[in-house]
Amino acid sequence: MEGFTLHKEERLCSQKMIEDLFTSGESFLSYPLKVVFLKTELPQPYPVLAAFTVSKRNFKRAVKRNLLKRRMREAYRLHKPTFYAEITAKELHLAVMFVYIGKDIAEFAQIEKSMISAFKKLLAKL
């Protein structure tokens, strides 16, 4: 069960890296998610550093933003092992930001389907 955890070291926390991600990274849509990614050269213990965000403009209440972020993290966590296997086979390191762009609160099943689609699109773009 070790593969299904989401450790602190797997999260994208560096302000500099997040800034680089948005200035020079690529992006695509997998509604209701927007995925921004950047190949990195930094040696990391994990092949992907991920971050999740929800717009304060669309969801004023922190409770709703936190709910959506929890759902995104859970979908990521459940499908991460297969994604990691593909990334390590290509010997890449990535920084990825998942931005929720929907206007209403999506069910977990929809977010999970979108996350799987995002993984497939991301692997195709690499």
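The values are calculated or read from the model by the stated rules, or taken from the named source; none is laboratory data. If you're wondering where the values come from, they're calculated on a predicted model, not measured in any experiment. Glycine also receives a Cβ, built like all others from the backbone with ideal geometry; neighbour counts cover every protein chain displayed.
Taking into account only those residues within the stretch 71-126 that are small (Gly, Ala, Ser) and without any contact (Cβ under 8 Å) to a residue 24 or more places away in the chain, which is farthest from Gly3 (Cα to Cα)?
Of the residues in the stretch 71-126, the ones small (Gly, Ala, Ser) are 75, 85, 89, 95, 102, 106, 109, 114, 117-118, 124.
Cutting the leftovers down to without any contact (Cβ under 8 Å) to a residue 24 or more places away in the chain gives us 85, 89, 109, 124.
Numbers: Ala85: 11, Ala89: 16, Ala109: 21, Ala124: 23 Å.
Filtering the stretch 71-126 for residues that are small (Gly, Ala, Ser) and without any contact (Cβ under 8 Å) to a residue 24 or more places away in the chain, the one farthest from Gly3 (Cα to Cα) comes out as Ala124.
Take the residues in the stretch 84-103 that are among the small types (Gly, Ala, Ser) and outside any helix (DSSP H, G or I); name whichever of them is farthest from the chain's Cα centre (by Cα). Don't jump to the end; show me each part of the working.
If we filter the stretch 84-103 for residues that are among the small types (Gly, Ala, Ser), which is where we start, we get 85, 89, 95, 102.
Now narrow it down to the ones that are outside any helix (DSSP H, G or I): 95, 102.
Details: Ala95: 9, Gly102: 15 Å.
Checking each candidate, the answer is Gly102.
Would you check if Phe59 is hydrophobic (A, V, I, L, M, F, W, C), surrounded by 18 or more Cβ atoms within 10 Å (Cβ to Cβ) and over 23 Å from Ile116 (Cα atoms)?
Considered against the rule, which asks whether it is hydrophobic (A, V, I, L, M, F, W, C), surrounded by 18 or more Cβ atoms within 10 Å (Cβ to Cβ) and over 23 Å from Ile116 (Cα atoms), Phe59 comes out as yes.
List, please: which pairs have Cβ atoms under 8 Å, are six or more places apart or on different chains, and start with a residue in the stretch 38-52 that is over 17 Å from Phe22 (Cα atoms) and end with one that is modelled with pLDDT under 95 and among the β-branched types (Val, Ile, Thr)?
Pro47/Ile87; Pro47/Thr88
What number of residues within the stretch 1-55 satisfy the criterion of being surrounded by 10 or more Cβ atoms within 10 Å (Cβ to Cβ), among the hydrophobic types (A, V, I, L, M, F, W, C) and more than 13 Å from the chain's Cα centre (by Cα)? I'd like the intermediate steps shown before the answer.
Initial filter on the stretch 1-55 (surrounded by 10 or more Cβ atoms within 10 Å (Cβ to Cβ)): 3-4, 6, 9-14, 17-22, 25-40, 44, 46-55.
From what is left, the residues that are among the hydrophobic types (A, V, I, L, M, F, W, C) are 4, 6, 12-13, 17-18, 21-22, 28-29, 33, 35-38, 48-52, 54.
Remaining after also requiring more than 13 Å from the chain's Cα centre (by Cα): 4, 17, 22.
Qualifying residue count for the region: 3.
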